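What follows is a single structure, written as structure tokens, with notes after it.
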Amino acid sequence: MAPIISINSLSKTYGNGFKALDDVSFDIEQGEILALLGPNGAGKTTLISIICGITNPSDGQVTVSGHDVVRDFRKTRAEIGLVPQELTTDMFETVFNTVSFSRGLHGKKPDPAYIEQILKDLSLYDKRNNALRELSGGMKRRVLIAKALSHEPRILFLDEPTAGVDVALRKDMWQLVERLRKTGVTIILTTHYIEEAQEIADRVGVINKGKLLLVEEKNALMRKLGRKQLTIQLLERMDAIPESLASFALTLSADGKELVYEYELGSGDGEIAKLLLAIETAGIRFDDVSTRQTSLEDIFVSLIGEAA
């Protein structure tokens, strides 16, 4: 099956000379959830803006369902729903009318039942007759999501959708994302909450300084770059690691009370047994052993550090 979005050699340089994107290429598959991670100013929003037809690229091409986003803007935009970071709505219009109007802007026939269902899914139905100016910040964010879904898009972009919102909205959001995925909607999100990406994404892309560092299946990325750390709590302080343990590449903590052993995910069980036996043979006494697995956040920080 052809990718639903194809990005080829995409670059964007603004009038002041700032290069927001630098030769970015990758595909997005239909029905997947892709998380785009990167620090502020990395190019995430610029990339989304080009795909959605808000900004034109300096070089390269983006196609959506085989249609060029510049030449075939109307066709590609009809397939896309966008939840921007900024709250941009008519504060004096009602929730129901705002979402219904957004549907009409995309050329869709009125469908009050569909709009009502979106509002119910986002816990907005009770507020349907309220003016937007009467809503809290979290409720206004829900309205943006409802607007993005009003025309039944096949692709949904969520640009920092849960930044600064309450826990209840974050929970509703991810439940809705899961329901949309089951209907075949492709979802691309940017987020500062890396634990969210680790929880719901199928693939992860990392952008820094306009360059795409990687796009990879999440579990494969965790296996390839993830590591585990074994920490051994010593009963007595140690000044140096004995020569008999040199082959294990152990690290001694600054206070001399812990031995730390790092190993790759999917390996190490046999080595750990050998290590513990060697420690016992060396006469070293310990009272506790704990493990810690590298998180997606650790991998992200490492990749950004290497690219700096």
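Values quoted throughout were computed directly from the atomic coordinates according to the rules given, and no laboratory measurement underlies them. Note that this is a predicted model, so its numbers are computed, not measured. Cβ placement follows ideal geometry from the backbone for every residue including glycine, while neighbour counts extend to all protein chains displayed.
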Just rank 300, 26, 18, fewest to most, by other beta-carbon atoms within 10 angstrom. 18, 26, 300
So if a site counts as exposed when it's one of the GluC sites (Glu not before Pro), its DSSP state isn't H, G, I, E or B, and it has at most 13 other Cβ atoms within 10 Å, what's the longest stretch of the chain without one? 87-235
Counting each DSSP H run of 4 or more residues in the chain as -39500 (n - 2.57), what helix-only mean residue ellipticity at 222 nm follows after dividing by all residues, to the nearest 500 deg cm²/dmol? -10000 deg cm²/dmol
Residues of type lysines that residue 209 reaches as a straight line, Cα spacing below 24 Å, ignoring anything fewer than 8 places off in the same chain: 12, 19, 44, 218, 224
Cut-off under 20 Å on the C-alpha distance; same-chain residues fewer than 8 positions from residue 211 excluded. Which aspartates and glutamates are left, in chain and number order? 22, 23, 27, 59, 159, 160, 297, 298, 306
Counting only complete DSSP H runs, which helices of the chain cover 20 Å or more along their long axis at the Cα atoms and score a mean Kyte-Doolittle of -1.0 or above? 167-182
Cα to Cα, under 21 Å, and not fewer than 8 places away if on the same chain: which lysines meet these conditions relative to residue 147? 75, 108, 109, 120, 127, 171, 182
